[in-house]
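Written out below as structure tokens is the structure these notes cover.
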Amino acid sequence: MFWYSFFCGYSAQTVFDAILIACYNLFFTALPVLAMGSLDQDPSPGGVGSKPRIEIETIHEDSDIVSSARSMDRNIVTPDLKSAEMAEQDSGGVALVINGDSLAFALGPRLERTFLEVACMCNAVICCRVTPLQKAQVVDLVKRNKKAVTLSIGDGANDVSMIKTAHIGVGQEGMQAVLASDYSIGQFKYLERLLLVHGRWSYIRMAKFLRYFFYKNFAFTLTMFWYSFFCGYSAQTVFDAILIACYNLFFTALPVLAMGSLDQDVDDHYSLRYPKLYLPG
């Protein structure tokens, strides 16, 4: 009651912030800790940010302190990164932390390009206390101005707009974001394997599949083209009609599908051990 009367008596003062801090200091003094709770998730793949040509920008709804601590716990922000003030005297890496109010100002038409240039010069970017719309605006800003493929990952309904805006959306299994995502993973820590192993395999398989598909069709078509010079351009085919019908359906379908779905140029543990293999994609 003493603290409440003290607070009410000085709340009408002009220097309200100073009085409020004094009330908080008076109240939160010599308090015994009865219990403490925390919420944490399995380690997410902060190491992905150190991989070639992969940059991470974390967007949280938590405060700047909580967001920075979570990013450091997941190795997105490393202890050697400096703040902007320290970076003026040191050439080390810089981490940018911006809250929702400042982000709304930075995403304006006059400053969005400047904000993007500053963000690209930083080793890590953390946006905290942001709305779902601001999450989508940050992703859209990168899509419109950078020649890069964007990936958004989230686990809640507030991440749906961000996931839909990005080129690739990843949602955590069992959460609302899965319905709007392109891929679903059980935990955030599986993102590294999704990118470096399955993503790379998929890219290489698709490239080989298309080349193989064009090769087999060109080989079949050019054979009949060259045969036309020897048959006097009489439209006589070198193959039987049944063979022509079965060529794409039976004779060449299985090899192409097998290579497009089962081909592995290197084992999965080599893809994780040597991330530079990801560069050709």
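Counting only residues that are of a type in the set (S, T, N, Q) and part of a strand (DSSP E or B), which one in the stretch 172-205 is surrounded by the most Cβ atoms within 10 Å (Cβ to Cβ)?
Initial filter on the stretch 172-205 (of a type in the set (S, T, N, Q)): 172, 176, 181, 184, 187, 202.
If we keep only those that are part of a strand (DSSP E or B) as well, we get 172, 184.
Values: Gln172: 22, Ser184: 17.
The qualifying residue surrounded by the most Cβ atoms within 10 Å (Cβ to Cβ) is Gln172.
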Being over 13 Å from the mean Cα position of the chain (by Cα), among the small types (Gly, Ala, Ser) and either modelled with pLDDT of 90 or more or buried (at least 22 other Cβ atoms within 10 Å of the Cβ) (or both) is the filter here; which residues of the stretch 125-164 pass it?
Ser161
Checked against (1) in the same structural domain as Asp265 (by TED's automatic domain parsing); (2) within 30 Å of Gln137 (Cα to Cα); (3) in contact (Cβ under 8 Å) with a residue 12 or more places away in the chain, Ser202 satisfies every condition except (3)
Any residue that is without any contact (Cβ under 8 Å) to a residue 40 or more places away in the chain, assigned to a strand (DSSP E or B) and not assigned by TED's automatic domain parsing to the domain that holds Tyr203 - is there at least one of those in the stretch 159-168?
yes
Verdict on Tyr212 being under 28 Å from Ala148 (Cα atoms), touching a residue at least 12 places away in the same chain (Cβ under 8 Å) and more than 27 Å from the chain's Cα centre (by Cα):
yes
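State the number of residues belonging to the stretch 239-281 that are of a type in the set (D, E, K, R), exposed (fewer than 12 other Cβ atoms within 10 Å of the Cβ) and within 37 Å of the chain's Cα centre (by Cα).
Here is the first cut: in the stretch 239-281, the ones of a type in the set (D, E, K, R) are 240, 263, 265, 267-268, 273, 276.
With exposed (fewer than 12 other Cβ atoms within 10 Å of the Cβ) added as a condition, the list becomes 240, 267, 273, 276.
Among the residues that remain, those that are also within 37 Å of the chain's Cα centre (by Cα) are: 267, 273, 276.
Counting residues in the stretch 239-281 that are of a type in the set (D, E, K, R), exposed (fewer than 12 other Cβ atoms within 10 Å of the Cβ) and within 37 Å of the chain's Cα centre (by Cα) gives 3.
The values are calculated or read from the model by the stated rules, or taken from the named source; none is laboratory data. Just so we're clear, the structure is a prediction, and the values are computed from it rather than from any experiment. Neighbour counts are summed over all protein chains in view; Cβ atoms, including those assigned to glycine, are modelled from backbone coordinates with ideal geometry.
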